[in-house]
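Report on the structure given below.
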Amino acid sequence: MNSAKTNLPPFIRPALAALLVAAFAAGALYFWLLADLPPISSVEQRLIRPTTQIVDRHGRLLYEVLDPNAGKQIDLSLDDVPPACIQATLATEDSRFYLHPGVDPVAIARAAWQNYRAGGTVVSGGSTLTQQLARNLLMTPAERYEQSLRRKLREAYLAWRLEMRYSKDEILALYLNQTYYGHFAFGLEAAAQVFFAKPAVQLSKAECVLLDGLIQYPTGYDPLTGPETAKLRQATVLRLMREAGFLTADEANLIAAEPLRFRSRLFNIRAPHFVMYIQDQVAQRIGADRLRDGGLRVVTTLDLDLQQRAEEAVRYRLDLLNC
């Protein structure tokens with residue numbers, strides 16, 4: 001019995017071999033680059049949670065319970081962010097934010113050229129706002145600061161996936177609510193309260209510009225310890241806003257001349273004895289760890305106005321006794 005011989009065209013075997021090599025290489029690349037990345041859906045679990053707030057019966061803040069391992073964070077709607085804060089952030093961190101899909105080839109090329117002209121010293125980065133968000137929310141602390149091609153490729157992939165899942169405005173809101181500004185402040189609302197003792201919606205243009213300047217180097221540009229350095233950084237942000245077309249030279253000069261008054265409100269507490277009692281009661285019921293985890297709003301029976309009047313009456317009577 002004769003077996004039939006299969007005569008393959010001469011190009012088939014090399015083509016099959018090339019396909020096998022390509023498939024193996026693709027699999028190896030996937031496991032080296034992407035296999036251990038977290039799913040994009042895990043973003044919500046990795047956010048810095050809002051601090052637990054203890055308020056009076058009318059909703060007025062008495063105290064915020066801060067986790068020393070996290071910080072102060074208060075979510076803010078993008079509609080409540082002053083336009084100057086948005087413009088300063090875009091001009092400084094990602095002027096082409098609404099034009100790219102998460103990774104910006106133009107920014108990468110510009111950064112490469114600037115670094116080449118500086119003799120190889122890294123003077124500019126090409127990371128987009130979305131890449132920064134991906135790095136901070138989806139990468140481990142160890143990898144976050146790693147300087148390698150693998151980390152940059154993984155970061156770019158995660159940024160692209162974020163852009164597929166969220167709208168541009170949602171990504172911008174996440175960035176403004178999660179970015180670290182220094183002094184335990186995560187997000188613009190927390191930063192406004194920590195540095196200026198006011199809500200973000202009341203920030204002036206000069207205050208917006210100064211806060212944006214903190215993002216790149218919160219400790220180095222800290223206005224509470226080095227106001228001169230912070231002012232120089234503010235001037236850099238104003239220059240970038242002019243270059244991005246958000247400001248004219250005259251507008252930038254007016255903002256630069258505006259005086260800044262810093263009034264920190266990080267550890268503010270009202271009715272302290274009552275608040276400590278309430279905090280202890282909540283911790284006994286749900287546990288101290290859950291209390292520090294944040295995200296809670298504890299409404300108490302205290303009326304702050306009546307409390308303040310009672311304290312004034314006590315002080316008045318004590319003064320009379322001391323006369």
Top to bottom by accessible area (1.4 Å), largest first, where do ASP289, ASP79, ASP67 land?
-> ASP79, ASP289, ASP67
Highest first, please rank the peptides 193-206, 33-46 by the mean number of other Cβ atoms sitting within 10 Å of their residues.
-> 193-206, 33-46
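Percent of accessible area on the chain owned by carbon and sulfur, 1.4 Å probe? Walk me through the intermediate numbers first.
On the way: 10810 of 18860 Å².
Of all accessible area on the chain, carbon and sulfur atoms account for 57 percent.
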What figure in square angstrom, to the nearest 10, would you give for the accessible area of ARG270 with a 1.4 Å probe?
-> 90
In degrees rounded to 10, the 0-90 angle between helix 205-214 Cα long axis and the longest Cα principal axis of the chain is 60
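For an R0 of 35 angstrom, estimate the FRET efficiency from the Cβ-Cβ distance between TYR316 and ALA197 and round to the nearest 0.05. Mind dumping the intermediate values first?
Working: r = 28 Å, r/R0 = 0.79.
The value I calculate is 0.80.
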With no solvent and one equal point scatterer placed on each C-alpha of the range 128-203, evaluate the Debye formula and give log10 I(q)/I(0) for q = 0.28 Å⁻¹, two decimals.
-> -1.19
So what does ILE286 come to for accessible area, using a 1.4 Å probe and Å² rounded to 10?
-> 80
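If I take all pairs of Cα atoms in the range 123-254, what percentage of them are more than 19 Å from each other?
Values: 4898 of 8646 pairs.
The share of Cα pairs beyond 19 Å in the range 123-254 comes to 57 percent.
Plugging the Kirkwood radius over Cα pairs into Stokes-Einstein for the range 165-323, at a temperature of 4 °C and a viscosity of 1.567 mPa s, what D comes out in µm²/s? If you can, show how the numbers build up before the last one.
Values: Rh = 19.0 Å.
Taking Rh from Cα pairs, D becomes 68 µm²/s.
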Top to bottom by accessible area (1.4 Å), largest first, where do LEU76, LEU254, LEU306 land?
-> LEU254, LEU306, LEU76
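With a 1.4 Å probe and all protein chains kept in place, how do MET276, MET164, MET241 rank by accessible area, largest first?
Values: MET276 85, MET164 135, MET241 5 Å².
Largest accessible area first, the list is MET164, MET276, MET241.
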Can you give the accessible area of HIS58, probe radius 1.4 Å, in Å² rounded to 10?
-> 120
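Quick check on packing: order 127-140, 89-102 by the mean number of other C-beta atoms within 10 Å, highest mean leading. Mind showing how you got there, number by number?
On the way: 127-140: 21.6, 89-102: 18.2.
Highest mean packing first, the order is 127-140, 89-102.
Could you check how many percent of all C-alpha pairs in the chain are farther apart than 33 Å?
Numbers: 22056 of 52003 pairs.
It works out to 42 percent of all Cα pairs.
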For the chain, give the share of DSSP beta bridges that are antiparallel, in percent and rounded to the nearest 5; count only bridges with both residues there.
-> 55
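The values are calculated or read from the model by the stated rules, or taken from the named source; none is laboratory data. Note that the structure is predicted; figures quoted are calculated from it, not measured. Note that we place each Cβ from the backbone using ideal geometry, even for glycine, and neighbour counts take in every protein chain shown. Areas reflect the complete protein model, heavy atoms only, side chains present, ligands, DNA and RNA absent. Shrake-Rupley method; radii C 1.70, N 1.55, O 1.52, S 1.80 Å.
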